[in-house]
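Novice: Quick one: the structure is below, questions incoming.
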Amino acid sequence: MISALLTLFAVGLVTLLVVGVLLAVAGTVFSIGFGLASFLLFKVAPIALLGYVVLRLIAPRKRKELSEADRKWLEG
């Protein structure tokens, strides 16, 4: 009877230890993921967006004109 209780206690203790380690690892992974996502969203993305807007504003606008070969092809 005592050995059955000690066995159940040991199995429960091992289960608690394993679950604790797994939750700690999962928490660490989620923490790193959220930290990286917030860094990219709030630090990198605004700078990239600002650079994109500035480049779009100062880039020369290209007019879309047909080349001679395109004109010949369209005219038949």
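The values are calculated or read from the model by the stated rules, or taken from the named source; none is laboratory data. Remember, predicted model here, so these are calculated numbers, not experimental data. So basically every Cβ, Gly included, is an ideal-geometry build from the backbone, and we count neighbours across all protein chains shown. Ligands, DNA and RNA are stripped out before the accessible areas are found, and what is left, the full protein with its side chains, is counted by its heavy atoms. Shrake-Rupley method; radii C 1.70, N 1.55, O 1.52, S 1.80 Å.
Novice: If you take all C-alpha pairs in the stretch 22-65, what percent of them are over 16 Å apart?
Specialist: When every Cα pair of the stretch 22-65 is considered, 60 percent fall beyond 16 Å.
Novice: A further question on this structure: Using only the Cα atoms of the chain, what do you get for the radius of gyration and for Dmax, in Å?
Specialist: Computed over the Cα atoms of the chain, radius of gyration and Dmax are 31.8, 99 Å.
Novice: Relative to the present Cα-Cα distance, how much length would full extension add between Thr28 and Asp70 at 0.36 nm per residue of separation? Before the final figure, lay out the partial values.
Specialist: Details: separation 42, 0.36 × 42 = 15.12 nm, distance 5.90 nm.
So the extension gain works out to 9.2 nm.
Novice: For the stretch 45-50, in order, what is each residue's ³J(HN,Hα) by Karplus, 6.51 cos²θ - 1.76 cosθ + 1.60 with θ = phi - 60°, in whole Hz (x at glycine and Pro)?
Specialist: Per-residue couplings from phi come out as 4, x, 5, 5, 5, 5 Hz.
Novice: Accessible area of Glu68, 1.4 Å probe, to the nearest 10 Å²?
Specialist: 120
Novice: Tally up the carbon and sulfur contribution to the accessible surface of the chain as a whole percent, 1.4 Å probe, everything protein left in place. Walk me through the numbers before you get to the answer.
Specialist: Numbers: 5690 of 7490 Å².
Here carbon and sulfur together make up 76 percent of the probe-accessible area.
Novice: Here's something else I'd like to know. Can you compute the charge dipole magnitude of the chain about its Cα centre, using +1 on each Lys and Arg Cβ and -1 on each Asp and Glu Cβ, nothing else charged? Give it in debye, rounded to the nearest 20.
Specialist: So the dipole magnitude of the chain works out to roughly 460 debye.
Novice: Points 7 angstrom from Cα along the Cβ direction at Val14 and Phe39: gap in nanometres?
Specialist: Between Val14 and Phe39, the simple spin-label model gives 3.9 nm.
Novice: Mind checking the per residue accessible area of the chain for me, 1.4 Å probe, whole number of Å²? All intermediate terms of the calculation are to be shown ahead of the outcome.
Specialist: Working: 7490 Å² over 76 residues.
It amounts to 99 Å² per residue over the chain.
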